[in-house]
Amino acid sequence: MDLSRRALFAHSGRAAAGFGSAWLLSRLVGEPVAFAERGDPGTRQVAISEATNAAAALSPDGRTVVFDLLNMLWVVPLAGGAAVRITDVVQEAGEPDIAPDGRTLVCQSYQDGQFHLALLGLDGSGLEWLTSGSSDHREPRFSPDGTRIAFSGETGGRYGIRVLELTTGRITDWTTGEEQEAHPVWFPDGSAIAFTRGAGNAPQAIDAVDAAGNRRTLVEVADGQLAGPSFAPDGRFCYLHLTTDRTSLVVDGHEVSDPDEDVFPFAPRWLSADELLYTADGKIRRRHLRTRDVREVPFTAEVAVRPAVERASARDFDSSAPRPVKGLVGPALSPDGQQVTCQALSGIWLLRRDAEPEQVVADGNFNGAPAWSPDGRTLVFASDRNGQLDLWLHDLDTGEQRQLTHLDGAERAPAFSPDGRTVAFLSGASQWHATTVCTVEIATGVVRKVIGPLGEPGRPSFSADGTKLGLAGFVPVTGRYREGSNQVLTVDLATGAAQYSPAVPGRSLANRIDAGPVYSPDGRSAAFVVGGTVWVSDVDSEARPVGTPRQVSQETGDCPSWSGDSGSLLYASNGRLRIADLRSGAVRSVPTRMTWRPRRPDGQVV
C-alpha cells in the first residue's frame, strides 16, 4: 500500500487537502472547520474579503484579475465584485500568470505532492499539466509572444531559471551557477529574462540573462532581499525590496509605496505606464505613480465550510476511575522477544505477555527513550533528573542505576552496540544543525564524537558487526526551501566516512525520530518506516539498504525494533503495540493493560 501525500489526503477526505487554508478559515470563523461543497448538509458560507500573501495577475485587456486565495485561484473584475473560484482546493494552485492572448493562464500546483506547472482556461476548464516528475517547478511567466514560459525550477541542487517551449514541451536551462534564482519575468521584447538571485533563500540582486547566456546585474542591495521584478510595456522597471521591518515597492530606483504599507512579495502588474496593480495589506490595489492615488479592487470570495469535529468529545474532569494509558512512546522489543520496554507517564515500563506492567524507572522526572543491552539485562535511557538530559543505565537484576553521560547539553536517543560495551546517542540542542552523534564507553564513560553537527538526525543504530552507525538524516534538494528527503546516513566508526542513501528509491523516511533505520542482529536487514508503514530491506557490507524493500504490514507503523534472533519486529500502530513474525507473516498485538488515575486537585488555583 503506497500512499503518496496526495493519495493520503484523498483517503482522508477532501477536507484534508487544504489543511493550511482550513486552519486560516478556522481562525476567521472561530471554530475548527474544513472545506466542503456548497449545498452539502451542515455547511455554511463564509465570505472573505482579504487575502494573505496573495499573488495577482492581470489580463491583457486590463479587465480581469486572477489571484490566489486559500490555495485556490479566483477571478474578479478589475472594477471589483464577487470573486469566482476556478480551481479546486485539492489542486493547491498559486502564482498565476495570464497568457498574452487572454485565453489561458499558467500556475504552479501542488496537486501530486510536487510543485508543477499547469495550464488552464480563465474559467478553470481544460487543465493541462506542463511539467511532471520529482523536481519542483515554480513561478511561471508567459513570454510576450505566448510561445514560452519562464519559471524557476530545481536543477543541479539549486533553483535556476528555465524556459519551457509550449509547442514541443522542451525545457532549457537559461542559467547556471550555484546561487538560488527565482521570480523570472520577461523583458517586454522577449529578448531576455530578469530574475532574483542570492545565497539560500535571501536573493540580494536582480540579474538579466538572454538565450545565449549573457548576464548582467540590474539591481543589487547590501541589506534585505529582493523579489518580484516586473517590466512595463515601455521598459520601466519595478521590484520589491524586503528588509527586516518592511517591504517597499520600488519603481526605477524610487520607493513608491507608503511607509506603513505591508506589500506582498509578488511581482506587480502594469495597468499602464503610470499605474500598477499589486497586493498589500490583504487587498488588491491600484497605485497611480504620478498622482500617488491608491484605489482598491474590492472582492468577496465565498467558501463553503462545515464543522471539522462533528461532535465534541465528552471529557470527565471529576472522575478518578482508571483510564487506559494511550501515550506509549519509544517501544523496544527485548532480545529474547518476551518483553517490551517503553516510555509512559514519565517513566520506563516493562510489558510482559502474562504479567502486569512493571514501572522500573519512576522518580517524577522525565525518563524516556529506553533501549536494551544485547544480553537483555540492562536498559539505557534519557533522564533530566539532574536538571538536563543525560543518559542513565538501569540494571534489571539489581535495580541499580548510574549516570552514563555528564555533558553540557541534551543527550538522548541511545542505542547499545552489539557487544554491549558502547552506547551511541545524540547530543546537543534539538535544533537545526545543532546535533552531534556520539558514542560513550560503558566502562570508562569516555565520549567520542562520530559526526556532526547535523540537522535534527534520528536515533542511531549499530550495524551487526558494530563497525558502522546508521541513522536518519535530511538531504536537502536546494538551499532555497527546506525541501528534501529523509535518507539513511551510514557512518564508518573507524574512518568517519559518511554516505546518504534512500531507504526506498525515490521516497523519504517518514521522519527523523524513530523511523529507523534499525539493523537486525544477524546483519542481513534494516527496518524503517516509509509512507507510514514498516518496511524491511537487505543491507550491504556498508550497512546501506539494497535490493527491493519488503513491506511488513499494511497497517500504520512506527518505531520498529528487532528480536535477538532477527525473526520478529515490534512496532507501534495506531495506539497499539504489534509484533510481526517475519517468517510466517503473522502479526499479533502485545497486551499493555496500563491504566492511570487522574488526581483530583485540592482547593482552587487562579
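Some notes on this structure:
- In the frame of its principal axes, segment 518-589 has Cα extents of 35, 26, 18 Å, reported largest first.
- Backbone HN-Hα couplings from phi across segment 480-489 [Karplus 6.51/-1.76/1.60, Hz, Gly and Pro as x]: 7, 10, 7, 9, x, 9, 8, 10, 7, 9
- Pairwise inverse Cα distances across segment 84-131, averaged and inverted, put the Kirkwood hydrodynamic radius at 10.6 Å.
- Using the average count of surrounding beta-carbon atoms within 10 Å as a protection proxy, the listed peptides 587-597, 466-476, 269-279 rank, highest first, as 466-476, 269-279, 587-597.
- Cα gyration tensor shape of segment 57-116, rounded if a/c is under 1.5, else prolate or oblate by comparing a/b with b/c: oblate
- Sequence-distant lysines (8 or more away, or on other chains) whose Cα lies within less than 23 Å of K449: K468
- Heavy-atom accessible area per residue - the chain, 1.4 Å, Å²: 46 Å²
- Angle in degrees between helix 19-29 and the longest Cα principal axis of the chain, rounded to the nearest 10: 70 degrees
- Residue-wise HN-Hα coupling along segment 415-428, computed from phi with Karplus coefficients 6.51, -1.76, 1.60 (Hz; x: Gly, Pro): 8, 6, 6, x, 8, x, 8, 9, 10, 8, 7, 9, 9, x
- Placing unit charges on the Cβ atoms only, positive for Lys and Arg and negative for Asp and Glu, gives the chain a dipole magnitude near 1120 debye about its Cα centre.
- Accessible-area composition of the chain, carbon plus sulfur, in percent [1.4 Å probe]: 48 percent
- Evaluating 6.51 cos²θ - 1.76 cosθ + 1.60 at θ = phi - 60° for every residue in segment 315-332, the Karplus couplings come out as 10, 9, 8, 9, 5, 10, 5, x, 10, x, 7, 9, x, 9, 10, x, x, 9 Hz, glycine and proline recorded as x.
- Which of A301, Q338, Q359, positive extreme of dipole for segment 286-400 (C-beta unit charges): A301
- Listed values [x] 28.5; [y] 30.8; [z] 27.6, entry calculated as Kirkwood radius over Cα pairs in Å: [z]
- Highest-first arrangement of 530-536, 91-97, where packing means the average Cβ count within 10 Å: 91-97, 530-536
The values are calculated or read from the model by the stated rules, or taken from the named source; none is laboratory data. Computed from a predicted model, the values in this text were never measured in an experiment. Don't worry about glycine lacking a Cβ; one is built from the backbone with ideal geometry, like all the others, and counts go over all protein chains shown. Side chains included, ligands, DNA and RNA excluded: accessible areas come from the protein's heavy atoms. Shrake-Rupley method; radii C 1.70, N 1.55, O 1.52, S 1.80 Å.
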